[in-house]
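The values are calculated or read from the model by the stated rules, or taken from the named source; none is laboratory data. What you see is a predicted model, and the numbers here were worked out from it, not measured in a lab. Cβ placement follows ideal geometry from the backbone for every residue including glycine, while neighbour counts extend to all protein chains displayed. What goes into the accessible areas is simple: the full protein's heavy atoms, side chains included, and nothing from ligands, DNA or RNA. Shrake-Rupley method; radii C 1.70, N 1.55, O 1.52, S 1.80 Å.
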Amino acid sequence: MKLKKSTRYLIALLLCALVLFAVSACGSDEDPSEAPTSTVTPTTPTPQEATATPEPTPTEAPTPTPTPVFSPHAVAETEPEKYGMKTDIMVNGEIVTEYSRTDKITFEEGEKYTDVKGVITFRGNNYRDTSGVYGTLNIVQKKFSEEPLWKQTTGSMQTMAGDGYWSGCGWTGQPLITEWPKSTRAIMAMYDWAKEQETLVEVIYATQDGRIYFYELETGKPTRDPIDCGFTFKGAGALDPRGIPLMYVGGGDRNPSYASPRVFVISLVTNEILYEFGHDDPFAMRSWCAFDSSALVDAETDTLIYPGENGVCYFVRLGTQYDEAAGTLTINPSDVVKWRYSGSRSSVGNKFWLGIEGSAIAYQGYLFFPDNGGYMMCLDINTLELVWVQDVLDDTNCTGVLEVEDGKPYIYMSTSFHADWRADGDGMAPIPVWKIDAETGEIVWRIDYDCYTVSGNSGGAQGSLAAGKGTLEDIVYIPLGRTPDRWDGLLVALNKKTGEQVWALELENYIWSSPALVYDAETGAGYVIQGDSEGNLFFIDGLTGEILDTFEMDGNIEATPAVYNDILVLGTRNCSIYAIRIE
């Protein structure tokens with residue numbers, strides 16, 4: 001059939017319209033539903049607008065690397081069973097088969113242990129990583145003051161055998177130094193002049209004559225009467241990290257009447273002994289009950305933690321009630337928990353001893369300490385389960401130091417060389433320095449030094465370790481006695497990562513004192529302060545080991561210094577306490 005011309009023309013128009021519509025639809029990516037409802041007339045940009053830098057696209061912050069979860073556990077070489085370990089727990093006088101603390105103890109980082117201004121426990125905190133130093137210093141001349149700021153005299157106490165004396169300040173003998181707020185001093189049994197000072201920093205020194213002495217830091221003027229406890233004090237003692245005026249200190253030997261040493265909890269409001277414990281404890285497997293370690297206190301749970309040489313670690317809820325406005329301070333100890341241990345070396349007839357003489361390290365919910373029998377242990381504070389044990393060979397008196405590196409904790413540790421343990425008197429043996437994985441107890445690295453020992457006067461590491469910070473952050477320092485020769489000393493600087501020796505300083509006299517590390521506030525330069533057994537106090541470049549200055553004291557330096565800002569306080573066996581300015 002043939003269409004009319006008019007019809008053909010109409011069809012052509014319709015086809016053209018369809019083609020135009022199709023081309024328009026295919027040439028646009030826009031969704032018709034999102035088409036603008038009004039027309040915008042473009043404008044010409046100004047020169048400033050034309051050259052303006054476009055706003056950068058915000059960059060998302062990188063996801064932080066999570067802190068590794070600390071999960072202590074033993075490996076084959078650190079299984080407690082390997083060392084014949086047996087443990088027992090006593091809670092309020094009853095032996096129990098298992099234990100779980102209801103109010104969990106978890107220590108924070110060492111720098112958060114206390115807000116109190118000063119040095120309040122041996123080596124400063126629960127990591128033992130301040131080396132007994134607090135505050136800032138401007139070290140310009142790199143030396144000590146030519147004369148002491150002040151000097152005070154202490155006394156001595158006859159030994160229990162009556163054949164000698166405990167004199168002056170001995171091992172470990174670190175003083176405590178703190179700035180008390182004026183409101184706290186107002187209620188203390190201090191002299192009136194000390195209460196009235198706007199600011200006052202007090203030195204508290206427990207010494208071997210059985211007394212605790214109190215001095216103003218700047219002048220050495222006594223701030224209150226000494227407290228006479230009747231037992232020689234070798235250890236440093238500790239103050240409460242909450243700023244509550246409580247002191248914890250343990251006796252180091254029986255007194256001349258043969259009474260047993262013990263722990264004293266002392267009110268520094270009234271200067272009275274509030275509580276004693278640890279002496280002649282029937283739960284202990286060793287009758288020797290000295291307390292040379294320095295206590296820790298968990299502020300959250302009001303719990304005192306105190307290891308003893310009787311092989312018992314004590315956990316005491318203090319029941320502290322302190323009202324500064326009313327001027328009252330009391331304690332009501334309860335929930336006394338005791339943990340004891342024995343191992344293959346400490347069995348009956350073995351010449352190794354039980355007992356904990358070094359100060360414990362606390363990390364999160366765990367306690368780390370060496371013992372007199374050559375064991376390094378990790379104890380779960382909240383279950384009192386022995387997690388791992390490492391063999392550290394010998395009677396270990398030094399305190400280690402904990403460092404967190406890339407989120408992982410490590411302990412640097414060494415040991416003594418006891419005359420009767422491995423030498424049967426005088427002799428020589430390798431004394432290792434270790435880096436230990438705190439999670440498993442495994443040894444990361446080890447370096448040995450040949451040390452001598454003398455009967456009654458051990459060689460090796462009697463002084464404690466110090467970990468560098470800032471410009472010294474790659475170095476750990478260890479004082480070693482009786483090496484390279486019998487009467488010599490060696491201060492060693494080791495690389496933390498590799499254990500390689502950075503430098504070693506040979507000294508003409510053996511060393512038992514622990515090093516203090518100080519830093520210049522402006523340059524960050526670090527220095528080591530180390531004493532020896534002939535009364536020489538050395539000021540040493542921390543990077544090179546060069547002796548920059550020497551201060552001559554009047555006797556054997558067994559004690560450990562404490563430093564508050566630029567003032568160092570240290571006692572000698574010759575019954576003197578010195579305050580020396582660092583310049």
Restricting to aspartates and glutamates and to Cα separations under 17 Å from residue 142, and discarding same-chain partners fewer than 8 apart, the set is 520, 522, 541, 546, 549, 552, 566, 583
Rounded to whole Å², per residue accessible area for region 353-479 with a 1.4 Å probe reads 24 Å²
Work out from phi, with θ = phi - 60° and the Karplus expression 6.51 cos²θ - 1.76 cosθ + 1.60, the ³J(HN,Hα) of each residue of region 75-86, listed in order in whole Hz, and give x for Gly and Pro. 10, 3, 7, 10, 5, x, 4, 4, 9, x, 6, 10
Report in % the part of the accessible area of the chain that belongs to carbon and sulfur, leaving out ligands and nucleic acids; probe 1.4 Å. 50 percent
With the other protein chains left in place, how much accessible area per residue, in square angstrom, belongs to region 147-275 at a 1.4 angstrom probe? 34 Å²
Given the -39500 (n - 2.57) contribution per DSSP H run of 4+ residues, what per-residue ellipticity at 222 nm results for the chain, rounded to the nearest 500 deg cm²/dmol? -1500 deg cm²/dmol
Accessible surface, per residue, of region 88-135 when the full set of protein chains is kept, probe 1.4 Å, Å²: 50 Å²
What whole-number distance in Å separates the alpha-carbon centres of region 304-382 and region 521-583? 31 Å
Using Cα atoms only, what is the angle between the long axis of helix 5-26 and the major principal axis of the chain, expressed in degrees (0 to 90) to the nearest 10? 10 degrees
In terms of the Cα gyration tensor, with a ≥ b ≥ c the square roots of its eigenvalues, is region 444-552 rounded because a/c is under 1.5, prolate because a/b exceeds b/c, or oblate? oblate
Which order do peptides 496-509, 166-179 fall in by mean Cβ count within 10 Å, highest first? 166-179, 496-509
Cross-link pairs beyond the 25 Å C-alpha cut-off, checked among 112/408; 182/221; 112/143: 112/143
For the chain, radius of gyration divided by Kirkwood radius, i.e. Rg to Rh on alpha-carbons: 1.27
Classify region 224-344: rounded, prolate or oblate, from the alpha-carbon gyration tensor (a ≥ b ≥ c, eigenvalue square roots; a/c under 1.5 rounded; otherwise prolate if a/b is larger than b/c)? oblate
Ratio of Rg to Rh over region 361-401 (Cα coordinates, Kirkwood Rh, two decimals): 0.98
Shape verdict for region 310-380, please, from the Cα gyration tensor: rounded (a/c under 1.5), prolate (a/b greater than b/c) or oblate. prolate
For region 61-172, with +1 on Lys and Arg beta carbons and -1 on Asp and Glu, the positive-most of 155, 95, 74 along the dipole: 155
